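Report on one structure; see the data block that follows.
Computed from the coordinates by the stated procedures, all read-outs in this text should not be read as laboratory data. For clarity, every value in this text was computed on a predicted model and none was experimentally measured. In this analysis, Cβ positions are derived from the backbone assuming ideal geometry, glycine residues included, and neighbour counts consider all displayed protein chains.
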Amino acid sequence: MSPLIDPAELAGMAGAAVLDVRWKLGGPPGIDAYRAGHIPGAVFCDLEADLAASPGRGGRHPLPSPEAFQESMRRLGVSASRPVVVYDAADSTAAARAWWALRHFGHPDVRVLDGGLRAWTAEGRPLAEGDEAAEPGDFTARPGGMPVLDADRAARLAADGLLLDARAAERYRGEVEPIDPVAGHIPGAVSAPTGENVDPSGRFHLPEFLRERFNTLGAVPGVEVGAYCGSGVTAAHQVLALEVAGIPAALYVGSWSDWVSDPSRPVATG
């Protein structure tokens, strides 16, 4: 089953928990956009509060504890017995973090609305305003549903497999670094900006296109693949794109913000 769903499929789906995960690094808060207009029945999922622990050990967006994640998902109406659909404004960057976290913590049926709210409204579909509350769910968090990398495993994968850097190319090269204290990339990692996973409308390219893209970067049979970014958000988008292409991949959740927290770890530029 594809991890993606289109607006017509969502409109015809009964009983799904729908999560609005609009988020933008540096703001403004996604809740404001949600209240101004969202897919009817959707509840707002706060990436910073529901899909990540507080910044610190493990990077800027470390994974929440299973207990904290379970509590958040139950409040948002998530149960293992009903499918979950997640969406954001358009390109699925934030929605992918929700998809990955739910899969990692054991939910069996999570889909991403391809093209996000933009695709929904482009078809003239209705919006609702204000806040919506969900009937509490009974989801039980069981971590281990998706492969995870720590710093040591990411370093080994960069040397012996394929580690994809999902950030913009200029950040990978170390020419700019607007967020973290050190510029550059993990030695041996390959630049693969997530912007190339989607078309101008924010929809994912076809599986064949993505498969060729990742094959060209070195994701071929027999090669273990992982992804990282600045803090584990856009790298989840990379893992989602790889999933669409039929290529399994691990996520370095702490990503660059965790890597540079230890000054003894090497940094490459160029």
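What are the extents of the Cα atoms of the range 197-270 along their three principal axes, in Å, largest first?
40, 31, 23
Hey, could you get me the Stokes-Einstein D for the range 51-118, Kirkwood radius over alpha-carbon pairs, 25 °C and 0.890 mPa s, rounded to whole µm² s⁻¹?
Rounded, D is 195 µm²/s.
With each run of n ≥ 4 DSSP H residues scored as -39500 (n - 2.57), what mean residue ellipticity at 222 nm is computed for the chain after dividing by its residue count and rounding to the nearest 500 deg cm²/dmol?
Counting only the DSSP helices, I get -8500 deg cm²/dmol.
Sequence-distant or interchain residues sharing an amide H contact under 5 Å with R111, placed H: which?
V84, V85, V86
Give the long-range amide H neighbours of V198: residues separated by 5 or more places, or on another chain, with amide H under 5 Å away, using H modelled in the peptide plane at 1.01 Å from N.
H205
Fewest first, what order do V233, V260, V21, V182 take by the number of other Cβ atoms within 10 Å?
V182, V260, V233, V21
With no solvent and one equal point scatterer per Cα, compute the Debye intensity ratio I(q)/I(0) for the range 104-155 at 0.14, 0.17, 0.22 Å⁻¹ and report its log10, rounded to two decimals.
-0.72, -0.88, -0.98
Averaged over all directions, how much area does the convex hull of the C-alpha atoms of the range 136-261 cover when projected, in nm²?
With the hull built on Cα positions only, its mean projection is 9.4 nm².
Any idea what Rg and Dmax come out to for the range 71-225 if you just take the C-alpha atoms, in Å?
Spelled out, the Cα radius of gyration and Dmax of the range 71-225 are 18.2, 50 Å.
Would you please report the Å³ per residue occupied by the convex hull of the alpha carbon atoms in the range 4-122?
97
Any chance you could run the full-extension gain for A268 through V182? It's 0.36 nm times the residue separation minus the Cα-Cα distance, nm to one decimal. Don't skip to the answer; put the middle values down first.
Values: separation 86, 0.36 × 86 = 30.96 nm, distance 1.05 nm.
Working it through step by step, the gained length comes to 29.9 nm.
Can you list the residues of the range 30-52 with backbone N under 11 Å from a point 7 Å past the Cα of A134, pointing along Cα to Cβ?
Correct set: 42-46.
Count the DSSP beta bridges whose two residues both fall in the range 148-259, then state the antiparallel fraction as a percent rounded to the nearest 5. Mind showing how you got there, number by number?
Working: 1 of 11 bridges.
Around 10 percent antiparallel, to the nearest 5.
Most exposed first by the Cβ proxy, i.e. fewest other Cβ within 10 Å, how do E224, E243 rank?
E224, E243
Just to check, using Stokes-Einstein with a Kirkwood Rh over alpha carbon pairs, what's the diffusion coefficient of the chain at 37 °C and 0.692 mPa s in µm²/s?
Calculated translational D: 177 µm²/s.
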